[in-house]
């Protein structure tokens, strides 16, 4: 497994993927610097809401798809699957490592956004102690809620030769997020909406639609659907003729 | 040969969309063989090779490599196999060294091996250039370097000269010819051109429409390809009768005499006889039935068009 990771590292360390990691945190930082309310009662949580809304609604699901696609693109393009799978490695390992990498890239994105939030807070000189618990829950929750989506997008990226097709699927299904989030019935089950449900703080009257459901319920749905999607993708990959 | 068989397939069959792309193929490759796996495009070569490497699953039949079943011990087998399938695999955004390093980390061989294989395929000079700028021939050589990286006991090269210009083909051929001497590997090399493997293969298997229609030593194939002598003379029919009456076994077709025995003494005897009997000898030419024509005869031409 470790050998596999080190091999992947060679392939991604000079990839464009690193530029994408910066996009969302930078945009969020601009939001925070120019639009944050310094005088509120809960400046940190308000800033979190402000900075993470676009990220959780749009960038996080989109990036999940882009990372999965990018990590498979160079394998499709140059026949990398063939040489990798004709090496003494198990297909499960290959698939698991690809998935871990998608989640790692997402973790880096989340950490950078977290860092951006802290910087904005310090720059504005927010009052009150930093609410570590809430912030950590938000960023970690958003990350965990990407699991099912990452599994689906990796499945699509592995199955489809084209780089654009899985991304197109992803964009089309990401856009209705704001609508789906309003539905208490469908929201929790939509992998594209889950990151937003998990990440946005629920303090200020955000108790409409799917935001009503508890974090525990969401977590169960997320983990359950993740297992299902991951198993589907992995089974497909294990049998795929290369 | 059977005593030390490195690769063996039994009734290997692959069905794709109801059609048997590979149909009951029994291959046997012995240690140290350079096995030429021949067949026109679409005959099932690549599909067979992908099954041998565990990249695709057979519909039926079994594959044993180094005496192990590919279904059960794929990883142990692949540890000792180097391969190049159809087109060379590469990561365009990486340099040649990085490409090899990515695979080296999977194989766990020493780093020094990268320089070794690069020098074997003569890419040392271009080692630190991005592969997307490589010519097809260089990519092909990099593919061979990748295949050699793990110091394999069995080297599987699928159409390694596909799409190359004559100079590139020559280069790859020289390279492959030099390999067994250096490391004593067994090589399976597929091609749709007999001439390409003719000079290096010790054994050949010919596949057509999914079926293995010939498998034997290259020498046996050569024996079938013996040429004959054609003589054009004045008054061929009369000349033919004269020769026959003097005990020479010659044929007569379309106004040309043909002799299937082509050793110098026989030919000299025939010519002397003709001259003595006052026939004019216009041409004495050798017609060599090339391996190529035998190959075509076996496989039929429709597949290659």
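Coordinate-derived values only; no laboratory data. Treat the numbers as computed from the prediction; the structure is a model and nothing was measured. Glycine gets a Cβ as well: all are built from the backbone with ideal geometry, and neighbour counts include every protein chain shown.
Here is how the number arises for chain B: DSSP H runs of 4 or more residues each give -39500 (n - 2.57), the sum is divided by the residue count, and the result at 222 nm is -10500 deg cm²/dmol.
Taking the square roots of 5 times each eigenvalue of the Cα gyration tensor of segment B:227-287, largest first, gives ellipsoid semi-axes of 15, 13, 11 Å.
In chain B, the inverse of the mean reciprocal separation of distinct Cα atoms equals 21.9 Å; this is its Kirkwood hydrodynamic radius. Which value does Rg/Rh take for segment A:1-136 over its C-alpha atoms, Rh per Kirkwood? Taking Rg over the Kirkwood Rh, I get 1.11. Computed from the alpha carbon positions, the gyration tensor of segment B:17-100 leads to an equivalent ellipsoid with semi-axes of 24, 18, 14 Å, biggest first.
With both bridge residues required to lie in the protein assembly as shown, what share of the DSSP beta bridges run antiparallel, to the nearest 5%?
On the way: 33 of 51 bridges.
If we restrict to bridges inside the protein assembly as shown, about 65 percent are antiparallel.
Divide by every residue of chain A the summed helix terms, -39500 (n - 2.57) for each DSSP H run of at least 4, and state the resulting mean residue ellipticity at 222 nm, rounded to the nearest 500 deg cm²/dmol.
Helices in chain A give a 222 nm mean residue ellipticity of -23000 deg cm²/dmol.
Choose one answer from A:122, A:163, A:155: the residue with the largest mean-square fluctuation in a GNM of chain A with alpha-carbon springs under 10 Å. Residue with maximal mean-square fluctuation among A:122, A:163, A:155: A:122.
Nearest 10 degrees, 0 to 90: what angle lies between the long axis of helix A:43-54 and the longest principal axis of chain A (Cα atoms)? Helix A:43-54 and the main axis of chain A meet at about 40 degrees.
Ordered by the number of other Cβ atoms lying within 10 Å of each residue's own Cβ, fewest first, B:246, B:192 fall into the sequence B:246, B:192.
So for segment B:1-155, Kirkwood radius off the Cα pairs, Stokes-Einstein at 4 °C and 1.567 mPa s: how many µm² s⁻¹? Present the calculation step by step, with values, prior to reporting the outcome.
Numbers: Rh = 16.8 Å.
The Stokes-Einstein estimate is 77 µm²/s.
How would you rank A:72, A:227, A:146, going from fewest to most other Cβ atoms within 10 Å of each one's own Cβ? Don't skip to the end; give the middle numbers.
Values: A:72 24, A:227 13, A:146 29.
Fewest-to-most Cβ neighbours within 10 Å comes out as A:227, A:72, A:146.
How much of the DSSP beta bridge set in chain B is antiparallel, as a percent to the nearest 5? The antiparallel fraction comes to roughly 65 percent. Principal-axis analysis of the Cα atoms of chain B puts helix B:264-276 at an angle of about 30° to the longest axis.
Here the residues B:193, B:136, ranked from fewest to most Cβ neighbours within 10 Å of their Cβ, fall in the order B:136, B:193. For a distance above 21 Å, tell me the whole-number percent of Cα pairs in segment A:104-242 that qualify. It works out to 50 percent of all Cα pairs.
Work out the P(r) tail for the protein assembly as shown: percent of alpha carbon pairs separated by more than 41 Å, whole number.
Working: 64773 of 149331 pairs.
When every Cα pair of the protein assembly as shown is considered, 43 percent fall beyond 41 Å.
For the peptide B:67-74, the mean number of other protein chain Cβ atoms found within 10 angstrom of a residue's Cβ is 1.
Averaging the sequence gap over all C-alpha pairs within less than 8 Å and six or more residues apart, then dividing by the number of residues, gives chain A a relative contact order of 27 percent. Applying Stokes-Einstein at 4 °C and 1.567 mPa s to the Kirkwood radius of segment A:145-198, computed over alpha-carbon pairs, gives a translational diffusion coefficient of 112 µm² s⁻¹. Any idea what angle helix A:2-12 forms with the longest principal axis of chain A, computed on alpha-carbon atoms, 0 to 90 degrees, nearest 10? On a 0 to 90 degree scale, this one is about 80. Considering all C-alpha pairs of segment A:2-239, those separated by over 28 Å amount to 33%.
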